Amino acid sequence: FWPARGSSRDPNQLRFTLQEAVQKRTFTKWINSHLAKHAPPLEVKDLFEDIKDGVMLLALLEVLSGQKLPCEQGKKLKRIHWVANIGTALKFLEGRKSAYRGSPIKLVNINSTDIVDGRPSIVLGLVWTIILYYQIEELTSSLPELPLLSSSTSSMDSSTSSTDTTSPPVKRKPLPPVQGGARKALLRWVQQTSTKCLRLEVKDFGPSWRTGLAFFALINALRPNLVDMERVRRRSNRENLQEAFLLAETELGIPQLLDPEDVDVDKPDEKSVMTYVAQFLKYPPQRKQRDAQGQQQEEVTSCQNCREQRKALRELKMWLDQLERDALQTQETGGSLAQQYQLFKSLHVQLEVRRKQVEGALQSTQRDGMLTVDQALVKQAWERASNLLDWHLQLDRSLPAPLDTVGVWLHEAEGALRDEMVVQLADDITANTVHRALEQHKVNGEAHEYFLPSFRAGHSHHFCSGGSRLTKTQVAG
């Protein structure tokens, strides 16, 4: 759904397209955070494609509602079955009642055929409706009475003064748009519980969050003394956003639904930010005091070993960042194919030498088994540096024929061998996944006899890929 290259791009249309891309990423992560609780766990990879048959959608609604829903499943579902599944999901949603209006949920301009066709705007609209009613409304409707801060919300509701005190959302009279009610309630909660005491002005779910400070304020409200607000005020937006998302995940168990680059823009997508922020409402209030006490105890018992561990992790991250920069610079420098292979091999060897050190550093030292923020940053840096394998594939594709094809085949074969399939329940979805994996192994196996003569010929001419690669014995075997 991206504009065609070379076409005249309407700025408004481009902004809308980028907004759809951000929502697609955020909503996909939100869905997967819930589908992980399904039996067996499921994962959406391409939202617009994977939702078409209705199986994933019904599984999501089952997790959210705790109810079992009828679903057409099988290896050879046809369009009529897809439409039936989507129809079941939509009918179920329309039978639910809004926590604010008390009336049934209305699905405006959303029908089964549009979802089956994978129309982006319709799919995103449906998922947003589910998020709004199943997460944001349900969580905000039970919030205690909170006054509205006029300086922060005048642009949203000019008829409400700063001295007004409204009844709890669940007892309100019908509001104009229901989304406005949930939005205002969530914004009030953010203002009163998090940003007011830190003198931060949060008046929307867009630009107010760009610096990352509002996210830190939320974390600080739930886990006092966990954030040094003076330190984060001096840093860049990207640094703050990256650390805030990691901190929320490692300390509060809140999934990272947003990417820093999606928030550090002039107008962040409000629906995506609301989806993420609403997750903080799930943090049990009774844990706040206990966590604060635990945090104070941790500070009292902190020792030299802890400081040394943090120092070692930061040094390791700096090394990985430098390796990544060296790899990028090397790729841009160019040179002959043989020279590039040697440079790749040098960097790859450095990476492998440090592998055990990284694996040891990423062993959790916390009772809950979660990584610390420094460990999570090292993990991200390691994953980025490990993308050297992508460069390796590019180099192999540049080999003279037929070795270029052999190189691609070797990468595919290694990928199939690395993938570990864990079969939890022998249902149709898992069976399909296993079937695809076996077919891939079969294809790679059949290609073995075709590529073996070329591989041996290339080996006799001393072509070397310079990195971790299947040995001649493995290929012949």
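The values are calculated or read from the model by the stated rules, or taken from the named source; none is laboratory data. Since the structure is predicted, the reported quantities are computational estimates derived from the model, not experimental observations. Counting neighbours? That spans all protein chains shown, and the Cβs are built from the backbone with ideal geometry, glycine included.
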Of the criteria (1) closer than 21 Å to residue 34 by Cβ; (2) free of Cβ contacts under 8 Å to residues at least 40 places away in the same chain, which one residue 275 fails: (2)
Test: residue in region 366-383 that is modelled with pLDDT under 80, among the hydrophobic types (A, V, I, L, M, F, W, C) and not in a helix (DSSP H, G or I): yes
Failed criterion for residue 126 (all others in (1) at pLDDT below 90; (2) not in a loop (DSSP other than H, G, I, E, B) hold): (1)
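Any chance region 45-66 includes a residue that's part of a helix (DSSP H, G or I), of a type in the set (D, E, K, R) and either within 16 Å of residue 130 (Cβ to Cβ) or in the same structural domain as residue 181 (by TED's automatic domain parsing) (or both)? Outline the logic, then answer.
Residues of region 45-66 that are part of a helix (DSSP H, G or I), as a first pass: 47-50, 55-65.
From the residues that got through so far, the ones that are of a type in the set (D, E, K, R) too are 49-50, 62.
Narrowing the set further to residues that are either within 16 Å of residue 130 (Cβ to Cβ) or in the same structural domain as residue 181 (by TED's automatic domain parsing) (or both) leaves 50, 62.
Yes.
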Pick from region 249-281, criterion among the aliphatic types (A, V, I, L, M) and in a loop (DSSP other than H, G, I, E, B), ranking: surrounded by the fewest Cβ atoms within 10 Å (Cβ to Cβ): 265
Residue match in region 337-358 (condition: over 29 Å from the mean Cα position of the chain (by Cα), surrounded by 13 or more Cβ atoms within 10 Å (Cβ to Cβ) and at pLDDT below 75): no
Residue, modelled with the lowest pLDDT, within region 95-123, restricted to residues that are outside any helix (DSSP H, G or I) and aliphatic (A, V, I, L, M): 99
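With respect to residue 95, is the statement that it is over 13 Å from residue 51 (Cβ atoms), touching a Ser or Thr at 6+ places or on another chain (Cβ under 6 Å) and free of Cβ contacts under 8 Å to residues at least 40 places away in the same chain true? Steps first, please.
Values: over 13 Å from residue 51 (Cβ atoms): yes; touching a Ser or Thr at 6+ places or on another chain (Cβ under 6 Å): no; free of Cβ contacts under 8 Å to residues at least 40 places away in the same chain: yes.
When the stated conditions are applied, residue 95 does not pass them.
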Per-region count, region 230-276, residues acidic (Asp, Glu), under 14 Å from residue 25 (Cα atoms) and within 14 Å of the chain's Cα centre (by Cα): 3
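Would you pick out the residues in region 217-248 that are assigned to a helix (DSSP H, G or I) and at pLDDT below 90? Talk me through it step by step, then tell me what you get.
Keep residues of region 217-248 that are assigned to a helix (DSSP H, G or I), which gives 217-222, 229-232, 237-248.
Those that are assigned to a helix (DSSP H, G or I) and at pLDDT below 90: 220, 221, 222, 229, 230, 231, 232.
For residue 194, are the conditions met, namely being touching a Leu at 6+ places or on another chain (Cβ under 6 Å), among the hydroxyl-bearing types (Ser, Thr, Tyr), without any contact (Cβ under 8 Å) to a residue 40 or more places away in the chain and assigned to a helix (DSSP H, G or I)?
On the way: touching a Leu at 6+ places or on another chain (Cβ under 6 Å): yes; among the hydroxyl-bearing types (Ser, Thr, Tyr): yes; without any contact (Cβ under 8 Å) to a residue 40 or more places away in the chain: yes; assigned to a helix (DSSP H, G or I): yes.
Criteria met by residue 194.
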